[in-house]
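Below is one structure, written out as structure tokens; comments come after it.
The values are calculated or read from the model by the stated rules, or taken from the named source; none is laboratory data. Because the structure is a prediction, the values reported are computed rather than measured. No Cβ is skipped: glycine too gets one built from the backbone with ideal geometry, and neighbour counts run over all protein chains shown.
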Amino acid sequence: MKLNKIEAVTATTSEDIDGSLVESKPTMQLRYLKDDGTYHRCTCEAGSDLSYLPNLSTAELALVDSVAKEAALIPVDSDIAQLHFYPAPTQAVFAADPSGKVGQDGVVDEPRFGMVGIRNRHKAIPDALVAPCFKCEETGEIKDTDLAQLPADAQGFSNAVYAHEAGIYKEIVKLKSLEDEEDYQAFDIEPETQTTETIEIIDGKAVDVVTVETVDKEVPLFDFVPRFDADGVPLVDIYEVEDEDEDFWEEEEGPKMHPVPRMVKGKKVSDKEKARLQELIAKL
């Protein structure tokens, strides 16, 4: 089995039967992925001896120890209840995948690779704390690989994760986020005159005010290719062409053309970036 997830539950306070406040210590839960696709979990107190934990390489043990120490530093009055880190990509056959996203072949690709997840004590996350695209009111969880979006209390935990192994996880997250961009239609910028008519009350009179302004407009670009019939014979069309002296228009015969959008290739993930990603994953 292989380490699949590190979960830290921060310290909390609760009332005892006599009304006195009792502080619970922060705990760590390690989730392992077994060969049959099920999970094995180990729980320990943050800061305790971790040498008994099974199937951890020296690097993984150092990572767990580092994030445990940082999790223990989070104040007891912090709104952060849990910190998650998903350290390894997994592909395995799951009997019952909680996300419900099982492929047709029964293989699930762990989508939260290299991600720090934060579960708050309150479900509602203030808008000032996180951008709307990272907001989930139902679970109160932020799943975000952009360290700038994380609350201040979580920075130490995040730094411990991403600084580990000379930043290997952070680089993998960056490479995993790369996607091929779709090709898009080229366009040109052309000035366009826009006229606006309004009525303003000036000195008690309704005055028609005309405003003329020039704005830039995006104009899609096309290339024109000749058309043919089913037998491969070029089609012709009649065009009006102005004579050299610009005195009159005359008709000319020419090939019938068809407009085709002029496309620009979107940026693609390079072979070098793909190879680097595989190299780093092999080190995990």
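Could you grab me the full set of residues in segment 210-256 that are modelled with pLDDT of 90 or more, farther than 24 Å from D188 by Cβ and hydrophobic (A, V, I, L, M, F, W, C)?
Residues satisfying the conditions are V210, F228, A230, V233, L235, V236.
Residues of segment 3-33 being surrounded by fewer than 13 Cβ atoms within 10 Å (Cβ to Cβ) and not acidic (D, E), which ones?
T13, S14, I17, G19, S20, L21, V22 - these are the residues of segment 3-33 that are surrounded by fewer than 13 Cβ atoms within 10 Å (Cβ to Cβ) and not acidic (D, E).
Conditions (1) in contact with a helix residue (DSSP H, G or I) (Cβ under 6 Å, 6 or more places away or on another chain); (2) surrounded by 14 or more Cβ atoms within 10 Å (Cβ to Cβ); (3) assigned by TED's automatic domain parsing to the domain that holds T10, marked per residue:
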site	(1), (2), (3)
S51	no, no, yes
V67	yes, yes, yes
A72	no, yes, yes
D77	no, no, yes
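A quick yes/no check of all residues on (1) loosely packed, with under 10 Cβ neighbours inside 10 Å; (2) in contact with a helix residue (DSSP H, G or I) (Cβ under 7 Å, 6 or more places away or on another chain); (3) at pLDDT below 80:
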position	(1), (2), (3)
A154	no, no, no
A160	no, yes, yes
H164	no, yes, yes
K170	no, yes, yes
V173	no, no, yes
E181	no, no, no
I189	yes, no, no
E192	no, no, no
T195	yes, no, no
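Do we find a residue being of a type in the set (F, W, Y), within 24 Å of K2 (Cβ to Cβ), without any contact (Cβ under 8 Å) to a residue 24 or more places away in the chain and assigned by TED's automatic domain parsing to the domain that holds R121 anywhere in segment 16-34?
Checking segment 16-34: not a single residue is of a type in the set (F, W, Y), within 24 Å of K2 (Cβ to Cβ), without any contact (Cβ under 8 Å) to a residue 24 or more places away in the chain and assigned by TED's automatic domain parsing to the domain that holds R121.
Among the residues of segment 184-225, count how many are over 30 Å from V236 (Cα atoms) and either outside the structural domain of G254 (by TED's automatic domain parsing) or not charged (D, E, K, R) (or both).
Qualifying residue count for the region: 20.
What about H84, is it within 20 Å of A154 (Cα to Cα) and within 31 Å of the chain's Cα centre (by Cα)?
Here the answer is yes, as H84 does meet what is asked.
For segment 265-284, how many residues are surrounded by 12 or more Cβ atoms within 10 Å (Cβ to Cβ), at pLDDT 85 or above and in contact with an Asp or Glu (Cβ under 7 Å, 6 or more places away or on another chain)?
2
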